[in-house]
Each structure stands twice: as structure tokens, then as C-alpha cells.
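Engineer: Got a structure here, written out as C-alpha cells. Questions coming.
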Amino acid sequence: MITLSKVTSITGEEGNFTVTVKKYPRYVDMDACIACGTCAEKCPAKVVDEFNEGLAKRKAIYVPYAQAVPLKYAIDRDNCIYFQKGRCRACEKFCPTKAIRFDDVETDITLQVGSVILTAGFTPFNPAKFDNYQHARFPNVVTSMEFERILSAGGPFAGHVKRLSDGVEPKKIAWLQCVGSRDMNRCDNPYCSSVCCMYAIKESVIAKEHLGKDFQPTIFYMDMRTHGKDFEKYYDRAREEGVRFIRSRVHTITEVDASGTLNLAYVSDTGKRVEEEFDMVVLSVGMEPAQSGIDAANILGIELNPYRFVKTADTSPVSTSRKGIYVAGSLQGCKDIPQSVVEASAAACQASVSLSSARGTLVRDKIFPAELHVAADTPRIGVFVCNCGINIGGIADVPAVAAYAKTLPHVAYVEEDLFACSQDTQEKMVDVIKKEKLNRIVVAACTPRTHEPLFQETIRNAGLNAYLFEMANIRNQCTWVHSQEKDKATAKAKDLVRMAISRASLLEPIPDLSVPVSKTALVIGGGIAGMTAALSLANQGFSATIVEKSGILGGAALDVLHTWKGEDVPSYLNDLIRDVSANSNITVLLNAEVIDASGFVGNFETKVRRNDSIQTILHGATIIATGGKAARVDEYGYGKNPRITRWHDLENNPEMLADANSVVFIQCVGSRDENRPYCSRICCTTSMMQAIAIREKSPDTSVFILYRDIRTFGERELLYKKARELGVVFIQYSLDKKPVVTETPDGLLVDVFDPVLQQPLQIQADLVNLATAIESAPNEDIAGFYKLPLNAEKFFMEAHAKLRPVDFASDGIFVCGLAHYPKPIDESIAQAMAAAGRAATVLSKTAISVSPLVSKVDTGKCIGCGLCAEVCPFGAIILEDADGKGYRAKNISASCKGCGLCAASCPQKAIEMLHFKDEQILAAVCAAGR
Amino acid sequence: MENFEPKIVAFLCNWCAYAGADLAGVSRLQHPSFMRTVRVMCSGRVDPIFIIQALKNGCDGALVAG
């Protein structure tokens, strides 16, 4: 990881780029810095804290925030007193590891790489130029980014929400949407920023959690755009919890008194001018591409679109205009976290395709000495108590802790270290372990979450198994949080060391665990997502089998003519089908169906039925791409009259439009209601494209779109703008006043209430086209076979909604396309590439190491009750027939995540968790009380 | 009871609550020193017997966080 750097030039081509990087000085030695924070504590220079949006101060030597990676301090030269005035050097004086380097200089680094991925992100819109919102003048008008910091427990007010004018807790806050988005009048951002509606709802709900039930949040919006997976449910919940939503743009904000209370003026739905007072206003600012990203794009020589985002095609969503250079995240267009993560994996996948011949060529394996057999030996515990400079030693009495450790059973050796983690201590530790014949090691220092792997490697270098190691966390969870109570910190450190030693005496060596990998993937579903996933794998040299239920490849995309950017889908699909069919790494099974599955990562076994014959496929990874389809509904007379159509029926049958004078599109048919409480994400854009096409071809045809909220997210908003310019008539309706379609001898009559006119309208329509909900495929069987979770609407549930959008909790299985949630083709392709990229992390190995901290069943004690199999969230325990003795639980170690739910639930105590056995945990527990 | 200093055994999930306790340290959030942490890989690992044993062996309370 190279930080504080920027790319200055690039030459070469895909597979062989030379990149020059300018690395700015950090003035802190990254190897020496232990992030203790002493430097920042002693630094006298107070600086505006950018991370906290200027609402707090930091020091001139700092880390931007507590979770920063790498967690290393840096000196801000412009604000450092030594650099500016020539004297101070307090940080250097107090740094316990002598990590300060005032003589650090700028360096140029040259890198030889095969691919480049650009992920430079966005900048929040700066509302200072909007005089009507008064952000620059009124303290109680804040941006959403500022409010995010105000809400944060790690923020300037420790999560206590207060007004900036007087520190009073607000009773009423208004969020104003679309500040710097969907606006050509005051700024040049005609696009929708995609994420603001959702974050405003989130902020309002969390603010309510912080401020209590009397708090009144209000969101002023144009269209509520909660088009993400399960976002609509969150919107519904917010309304139920008392968040008020007002469809209007506030035009004027004034301060009513010296305390900073604000008056907002707006025009209501019914056209009345309303004024209302609020304690605070939050401006939901939109996204703009980061200037640093634009600069980098220019240096890399890649094309930008008119809104300065990186230009991509829908059918190659992460490829830039220059071969070998890929893009992911909001530099490509406004998007939320899950989509950014999807694109990141997709870009990694595409980069791997072009680099597949070089895969693994730069990898070197670390060789450890042979392990000593010490399991049966009496414990000889070595205890290393770390001072961590003064972080531990300055508060707890380390010599007293060490002396105490010497008195405990099985302790053979104790030493105090200034820094247990330093390179020289590590080397000495190896010698001591050998010399003193130690067979269990305890390090009392910081946290095992960051340092356990380092010490485990050290003891492996001394010939000990990695699991004969235990840490006592006497820094993060002791001296750092009890720094004012030195005696109590010492007492607690002694207790923690005693607990660790007690547990260490019972630790056992655990052998490494690895499973072989079958280097082929099974892709369930032969639509765009399934085919893209299979092809992305095949192009990296892995084989894939596509199982497709129907007799043809193509899936839901067979009905689609254009992507939202206007790319030709049928010809793209033809090419894709041709490439898939011609690829020798891909086997396509049509009219085939998965009927059973078993196994685990690297070793799945799936039974497929095809034309009455059943075949078994062995595969290392599974990609679920079962797709979705437009719902058939019985609403609005669909199915009873040929002039009432849905989705692509009209554009696929253009003769229907030939003599039509009036076409009505109805949105949200079967979406966003009680039965399907989700937004189908793509319908607004699709109807928009069709409406534009009709008006462009025959300007005399009247086109109406009846909608609830127009959700043309991102740059799709430009389609909405174009439709309005072309004279498409938009009429908003609400769920309680749905339009009514009636058949008449002359055609169709659509009745709808227009909220702007406050009048019922009657539209004479020749055609009515319905945007019906996108439904999942019947996924229950597949979910059952692979033990995968579905959400209430039968879409597959990913491992983490934000951070693991294509994974499942079970390893080796991935999801993409409509099987996950309704999405446009560009997003399906990106997600399919991401799924292939994730699958390649499995398939690229001959054997995968899995954590050996797994559960173990004693079949002698097991009574086959099945509780363990039921509670296991990972499908890692199955019941096996035990020859006439009923069932017995069986572990599948490769699937086990070591949570230990099974061990805790087993009524027979027949299951133990390696490294977390009952007696090992109890040893620590019992030692705690002493 | 005024000066009572309980000893509380805390079963913390490695992935969330334990990480949270670490972060409290990074953020230097000072709090009473009553807690004695036992790290587990999931709060679901905590068998009720652990809690009973903690109380029997001199702890005044048990916290399970995950």
C-alpha cells in the first residue's frame, strides 16, 4: 500500500504499463510508528479537522480517523510549527519508537504493472454558492456530511446531536434533498446523485434514535428514490416511525432570531405558500467526481463523459476507453456502497482476465521449520510483557505484572519488552523459546486482532504450532482506557495475564487445514449474468458449466432492445451467446435443472437433470444467476384487452404503435405495495426510454407517464429531462388514489387524480403499458440445496448488504443478476464479473487453506438430535445415517467458521470447538474471578 | 455498596464487541476497570455454564456482547 501518493505518468499498454508515482513525505517512519498517539497528544499545533468537516480540531501530526488504514501517523507540513517556524520538534522528543523523520523527502516510484484500476471516488457538492440555502451564513444550516459527523459516536460531539449556533438539542430538523443534484439552474449537475434520499432517511431515523420520540424530522424531496435492495422497506419504516416527507423544494431560508432558529418557506402540494420553523436544516448534498480522480484520468489518458465521470459502456461497465485500465466506484458515476464494491470486484476480475497468464508468477511461499511435538509435554509457558513504549509501561506497573506472572503455575520464563512487536524482539523471542524449551507462549501487549498473526509467525519460526499462543490485551482494553487509574490498571493487567496463562496451559497444537479444489465452476442460469460470469472465468483459464432451465440462452434480456445508454442489446446478446457457445472452457446444458447438491467450497457435487437423464457435476465454486422476470398481474385489466400491455410489449410490436394517438404508461404496477414492498429499480428508466422513442418517432402521439416517484437514478435522470423536453406528460399518483383503466367502445379510459391541478383527469388512451414488478425466479429449491438464505421476496440474500454484495455466508457460492435484486443490464454484467472474480479466488488455488479452528463431533456421545445442524448458519454440520443407529452429526470443516454455536447448543456436550474448548474458555473464566 | 468494585467477566465476540472494546482503547474512551474480557469467536459460543462458573468462581457479573 503506497499512501500520500499520486500517479504522475503512465506509458505502455495492457499487460505492460510503466507507472510513475510521486510519493509525498509522511515525516513518520511507517515501520517504527506504533500509532500510540503520544505525538499527537504532545503536538501543540491545533488544526481544522477535515475528516470532521471542520467541526473539530486535530493536531499537525495526526491520523485522519481512528480506523484509518494504515494506522500510522503523518505530519501535516503546512501546519507543523517546526516546518513553519523552525522550532518545536515535540513529537520527535516524545515518540517512544523514534519514528519521526523531519528529513523525509518526496520520492518518485516506478511500477511495472499489467493493469490499472482507477477508484478515486467523489467529492461532496459544496453548497456555498447557493445563497438561498445560506449554508455559508447560518450556523444551523449544515451539509449532510457535517450532520453525519455530528451523529457519529466518533464525531466532534461524541454522537450528541446539537445545534452549532447555541449547542441546544434540536427538536425539529429539515432535510433538503437534491442540493447540487438534478439542478441545471443553480449548478451544472443535471444528474441524480443516487444515494442522498437513502442517506437522508438514515440520518433522520438515527437522529430520532439519538433525540427521542419527540424529535420531529422532515424530509423535503422531489422524488423519493429508495430503489436499492430492501431500501423501500426502510422508507416505509421511517414513515411509520414519524419521519415526515413533504414533496416540495424549499425556496427561502431565513433566521428568525438570534438563537439561530430557521424559517423555511415552501409551496405545498396543493399550491399554498407555507412557512415553518426548524431548529436545523441539513442539506442533502450530491456527488461530484473527485478532482484528484479527474486529474488521474487525464494523466492515464482515459475519456470522461460530459459530467466528468469516467466514460464506460453499459455492456463493459468497468472498462475505460484505454485498454487495460479499469474503473470502479463513484468516479464512474454516482452510486452507493454495494454497487461500488461490486464494481471493485468486477474490475479486479477484468484485470485478472488480461493478466491470467502471469497469475501467481510473483508469489513466493514462506517456509517454516518443522514443528516440534510438544503436545504431551508439561506446559512451560513463556510470558512476554510489553511496555509498548509508555503506552502500557507509563500507566500499568509492568515490572509488577511480570513479577506476578513468575508466580503463576507452569510459567517457566518471563521478560519485559520495550516493544514486543519490534523486529529485534521477535528475533530474540525465537531464540528464547528454543533456549528455554518453552512450549506455550503468552504475550501481554496490545490486541490479538492486529498482532496475533505476527506473534504466531514468530513462534512458528521457533518450531511451535501457531495455536500454542495466547495474548493478554493490556493496552487497548486496559491502560488506554484506565489511564487515570494506574493501580487499577495494574490490577486488571495482572488479572488478564493470569487468565491468559491459565488458558495457555490448556492450549493444544492444531494442524493446518486445507481442502483440494475442483477447478471448475457451476453457473446456474444462462441469462446475461450467468453467461458473463462463465465467460469471465473461461477467459481466465477456468472451466465452467452453465445449467439453463429453458431451451435457449439469453434469459430476461431476450426481451430488451436497448440499454439505458442506448446500446443495442440483441446484437450484444448474439455476440455473447456466440462467444459462450464457442468457448472450449464452457459447457452449456440447456433444458437442464439442478435437482440436488451437496459439498462445500472447492468440492461441490451437484446433480443436474436433463432430458430424463441425471448427471453429477463436481465443481469448486457455484454461481447463482437464476434471474427474474416481469410479474403478470391482474391489475388495470391486464390480460383482458390486447391494448393493455406490459414492459417491452409495445417496442417489440411496433405495429401496435402505428395508429396510436395516445399512450399511457403506468408505473409501480405490483411494486411498492403490500404484496411486493420493494422498488423494481429499472421500470422508471425503461418507460422513460420508450416514451422518448414514441415522441421522437411520432411527435403527435400524446404520451403520459403515471408514476409515484420517478426513480431515474444517476445519469438516467437525463432521460427524464429529455422526456419532459419532448412533451411527455407526467402525472403523479399515490397508492391510495391509483389510476383506474376502463374499456370503452372507443378504446381505453384512464382516470387519475392530478395533485398539481388538484383535479381528477380523464385520459383517452389507445394503449396502456404497465411497468409490472420484477419478480425473482422460484428460488426456494436452489436455496434449499445449497442452504442459502432468501429475503421475504425470494431474492437471494448476500452475506452483507453493503460490503459483501456477491458473496454468501457460505464460502465458494456467489450471486449475480436479477437473482439478487432487480437491476439494469450494466449492473447485472458488473455483478456477474464480480461473482466470477470472487469465484476465481477459489478456483485459482489447488488447495485452499481454511481456518483449522473448527468444531469436532464426538460421535460416541452424539444422539443425532440435529440441533447443531439446525443452528449452524453455514451448513457446516450435516446429519449422517449411522448404520442402524439413527443419525450422527458430521462436520464439514471447510464450511465451518468456528463460531461455536453448535458446541454451545449440544445437549450432549458431544461437540468441541478447537482452540475454544469448554475447558480452555473455563480456565480463563475461572481465573478471572480469583 | 458505595465503594463496591464488581468484577465482571465479559464474553466478547471477536468480530464486533471485542473490536469495539479495542476501538474504545484507540479512542481513549475512559471507563471503569471492572471488566475482564474473554474473547470468543461468536457470542453464540457462550454456554450458560460459562456464566454460572464465572459467578461461582468469584465474578460479580457477566456480560455477553456480540
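The values are calculated or read from the model by the stated rules, or taken from the named source; none is laboratory data. What you see is a predicted model, and the numbers here were worked out from it, not measured in a lab. Glycine gets a Cβ as well: all are built from the backbone with ideal geometry, and neighbour counts include every protein chain shown.
Engineer: Do you know which of the residues in the range A:510-528 that are of a type in the set (Val, Ile, Thr) and assigned to a loop (DSSP other than H, G, I, E, B) is farthest from A:Phe814 (Cα to Cα)?
Structural biologist: A:Ile510
Engineer: Same structure again: So in the range A:31-49, with the set limited to residues that are at pLDDT below 95 and either within 31 Å of the chain's Cα centre (by Cα) or small (Gly, Ala, Ser) (or both), which one is surrounded by the fewest Cβ atoms within 10 Å (Cβ to Cβ)?
Structural biologist: For the range A:31-49, the residue satisfying everything is A:Asp31.
Engineer: Working only within the range A:499-534, note down all residues that are closer than 23 Å to A:Phe600 by Cα, in contact with a strand residue (DSSP E or B) (Cβ under 8 Å, 6 or more places away or on another chain) and either surrounded by fewer than 24 Cβ atoms within 10 Å (Cβ to Cβ) or among the β-branched types (Val, Ile, Thr) (or both).
Structural biologist: A:Asp512, A:Leu513, A:Ser514, A:Val515, A:Pro516, A:Val517, A:Ser518, A:Lys519, A:Thr520, A:Val523, A:Ile524
Engineer: Here is a follow-up. Please indicate, with yes or no, whether at least one residue in the range A:333-341 is assigned to a helix (DSSP H, G or I) and within 20 Å of A:Val21 (Cβ to Cβ).
Structural biologist: For the range A:333-341, residues assigned to a helix (DSSP H, G or I) and within 20 Å of A:Val21 (Cβ to Cβ): absent.
Engineer: Tell me, which residue of the range B:33-66 that is more than 8 Å from every other protein chain (Cβ to nearest Cβ) and outside any helix (DSSP H, G or I) is modelled with the lowest pLDDT?
Structural biologist: Taking the candidates together, the pick is B:Gly66.
Engineer: Going by the structure shown, is A:Gly180 under 30 Å from A:Ile34 (Cβ atoms), surrounded by 20 or more Cβ atoms within 10 Å (Cβ to Cβ), within 34 Å of the chain's Cα centre (by Cα) and not assigned by TED's automatic domain parsing to the domain that holds A:Cys386?
Structural biologist: Answer is no for this residue.
Engineer: Scan the range B:12-44 for residues that are touching a Phe, Trp or Tyr at 6+ places or on another chain (Cβ under 7 Å) and touching a residue at least 40 places away in the same chain (Cβ under 8 Å) and jot them down.
Structural biologist: B:Leu12, the sole residue that qualifies.
Engineer: If A:Pro409 passes every condition in (1) within 14 Å of chain B (Cβ to nearest Cβ); (2) of a type outside the set (A, V, I, L, M); (3) part of a loop (DSSP other than H, G, I, E, B) but one, which one does it miss?
Structural biologist: Among (1) within 14 Å of chain B (Cβ to nearest Cβ); (2) of a type outside the set (A, V, I, L, M); (3) part of a loop (DSSP other than H, G, I, E, B), the lone unmet condition for A:Pro409 is (1).
Engineer: Could you look through the range A:455-491, keep only residues that are touching a strand residue (DSSP E or B) at 6+ places or on another chain (Cβ under 7 Å), free of Cβ contacts under 8 Å to residues at least 60 places away in the same chain and assigned to a helix (DSSP H, G or I), and pick out the one that is farthest from the other protein chains (Cβ to nearest Cβ)?
Structural biologist: This residue is A:Ile459.
Engineer: Any chance you could count how many residues in the range A:632-667 are over 42 Å from the mean Cα position of the chain (by Cα) and either part of a helix (DSSP H, G or I) or not small (Gly, Ala, Ser) (or both)?
Structural biologist: First, pick out the residues of the range A:632-667 that are over 42 Å from the mean Cα position of the chain (by Cα): A:640-643, A:655-662.
Retained after the next criterion (residues that are either part of a helix (DSSP H, G or I) or not small (Gly, Ala, Ser) (or both)): A:640-643, A:655-657, A:659, A:661.
Total satisfying the criteria: 9.
Engineer: Return the only residue of A:Lys162, A:Lys213, A:Lys208 being more than 23 Å from A:Arg708 (Cα to Cα) and either touching a strand residue (DSSP E or B) at 6+ places or on another chain (Cβ under 7 Å) or assigned by TED's automatic domain parsing to the domain that holds A:Arg676 (or both). Steps first, please.
Structural biologist: Working: A:Lys162 fails: either touching a strand residue (DSSP E or B) at 6+ places or on another chain (Cβ under 7 Å) or assigned by TED's automatic domain parsing to the domain that holds A:Arg676 (or both); A:Lys213 fails: either touching a strand residue (DSSP E or B) at 6+ places or on another chain (Cβ under 7 Å) or assigned by TED's automatic domain parsing to the domain that holds A:Arg676 (or both).
Exactly one residue qualifies, and that residue is A:Lys208.
Engineer: Kindly state which strands (runs of 3 or more DSSP E) lie completely within the range A:207-296 and contain at least 3 residues that are more than 20 Å from A:Ser181 (Cα to Cα) and not aliphatic (A, V, I, L, M).
Structural biologist: Per the criteria, A:273-278.
One line per residue, one yes/no per condition, for (1) surrounded by 15 or more Cβ atoms within 10 Å (Cβ to Cβ); (2) modelled with pLDDT under 95; (3) touching an Asp or Glu at 6+ places or on another chain (Cβ under 8 Å):
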position: A:Val327; (1), (2), (3): yes, no, yes
position: A:Ile337; (1), (2), (3): yes, no, no
position: A:Ala348; (1), (2), (3): yes, no, no
position: A:Arg359; (1), (2), (3): no, yes, no
position: A:Gly382; (1), (2), (3): yes, no, yes
position: A:Cys386; (1), (2), (3): yes, no, yes
position: A:Ala403; (1), (2), (3): no, no, no
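Engineer: Which condition number does A:Gly599 fail, the rest of (1) over 23 Å from A:Gln350 (Cβ atoms); (2) buried (at least 18 other Cβ atoms within 10 Å of the Cβ); (3) touching a helix residue (DSSP H, G or I) at 6+ places or on another chain (Cβ under 6 Å) being met?
Structural biologist: Going through the list (1) over 23 Å from A:Gln350 (Cβ atoms); (2) buried (at least 18 other Cβ atoms within 10 Å of the Cβ); (3) touching a helix residue (DSSP H, G or I) at 6+ places or on another chain (Cβ under 6 Å), A:Gly599 breaks only (3).
Engineer: What are the residues in the range A:663-688 that are surrounded by fewer than 19 Cβ atoms within 10 Å (Cβ to Cβ) and either among the acidic types (Asp, Glu) or touching a residue at least 24 places away in the same chain (Cβ under 8 Å) (or both), if any?
Structural biologist: A:Asp673, A:Glu674, A:Pro677
Engineer: Which one of the conditions (1) closer than 30 Å to A:Pro778 by Cβ; (2) without any contact (Cβ under 8 Å) to a residue 60 or more places away in the chain; (3) touching a Pro at 6+ places or on another chain (Cβ under 8 Å) does A:Tyr887 fail to meet, given that it meets all the rest?
Structural biologist: The one condition A:Tyr887 does not meet is (3).
Engineer: Let me ask something additional. What single numbered condition from (1) farther than 20 Å from A:Leu418 by Cα; (2) modelled with pLDDT of 95 or more; (3) not assigned by TED's automatic domain parsing to the domain that holds A:Leu618 fails to hold for A:Gln484?
Structural biologist: With (1) farther than 20 Å from A:Leu418 by Cα; (2) modelled with pLDDT of 95 or more; (3) not assigned by TED's automatic domain parsing to the domain that holds A:Leu618 applied to A:Gln484, the lone miss is (2).
Engineer: For the condition part of a helix (DSSP H, G or I) and either surrounded by 21 or more Cβ atoms within 10 Å (Cβ to Cβ) or over 40 Å from the mean Cα position of the chain (by Cα) (or both), what is the one hit in A:Ile763, A:Ile694, A:Ile710, A:Ile705?
Structural biologist: Unique residue meeting the criteria: A:Ile694.
Engineer: Can you name the residue in the range A:636-673 that is of a type in the set (Gly, Ala, Ser) and in contact with a strand residue (DSSP E or B) (Cβ under 6 Å, 6 or more places away or on another chain) and, of all such residues, is farthest from A:Gly747 (Cα to Cα)?
Structural biologist: Top of the filtered list is A:Gly670.
Engineer: If you don't mind, another one. Taking only pairs six or more apart or across chains, which ones have beta-carbon atoms under 6 Å, a first residue in the range A:230-246 that is farther than 18 Å from A:Glu674 by Cα, and a second residue that is at pLDDT 95 or above and surrounded by 14 or more Cβ atoms within 10 Å (Cβ to Cβ)?
Structural biologist: Filtered contacts from the range A:230-246: A:Val243/A:Ser204; A:Val243/A:Pro217; A:Arg244/A:Thr218; A:Phe245/A:Ile219; A:Ile246/A:Phe220.
Residues checked against (1) at pLDDT below 95; (2) at positive phi:
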| residue | (1), (2) |
| --- | --- |
| A:Asp826 | no, no |
| A:Val871 | yes, no |
| A:Asp883 | yes, yes |
| A:Lys890 | yes, no |
| A:Asp918 | no, no |
| A:Ala924 | no, no |
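Listed here are the residues, each with its yes/no results for (1) at pLDDT below 95; (2) surrounded by fewer than 22 Cβ atoms within 10 Å (Cβ to Cβ); (3) of a type outside the set (D, E, K, R).
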position: A:Arg364; (1), (2), (3): yes, yes, no
position: A:Ala375; (1), (2), (3): yes, yes, yes
position: A:Pro379; (1), (2), (3): no, yes, yes
position: A:Gly389; (1), (2), (3): yes, yes, yes
position: A:Pro399; (1), (2), (3): no, yes, yes
position: A:Gln426; (1), (2), (3): yes, yes, yes
position: A:Val432; (1), (2), (3): no, yes, yes
position: A:Lys435; (1), (2), (3): no, yes, no
position: A:Ala444; (1), (2), (3): no, no, yes
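Engineer: Restricting attention to the range B:25-32, does a residue exist that is touching a strand residue (DSSP E or B) at 6+ places or on another chain (Cβ under 6 Å) and either facing another protein chain (nearest Cβ under 7 Å) or within 17 Å of A:Ala489 (Cα to Cα) (or both)? Reasoning before the result, please.
Structural biologist: Taking the range B:25-32 first, the residues touching a strand residue (DSSP E or B) at 6+ places or on another chain (Cβ under 6 Å) are none.
So far as the range B:25-32 goes, no, none of its residues is touching a strand residue (DSSP E or B) at 6+ places or on another chain (Cβ under 6 Å) and either facing another protein chain (nearest Cβ under 7 Å) or within 17 Å of A:Ala489 (Cα to Cα) (or both).
Engineer: Same structure, new question: Filter the range A:413-454 for residues that are assigned to a helix (DSSP H, G or I), among the acidic types (Asp, Glu) and more than 21 Å from B:Asp22 (Cβ to Cβ) and give the result.
Structural biologist: Here is the first cut: in the range A:413-454, the residues assigned to a helix (DSSP H, G or I) are A:423-435, A:448-454.
Imposing the further condition that a residue be among the acidic types (Asp, Glu) reduces the set to A:424, A:427, A:431, A:452.
Selection gives A:Asp424, A:Glu427, A:Asp431.
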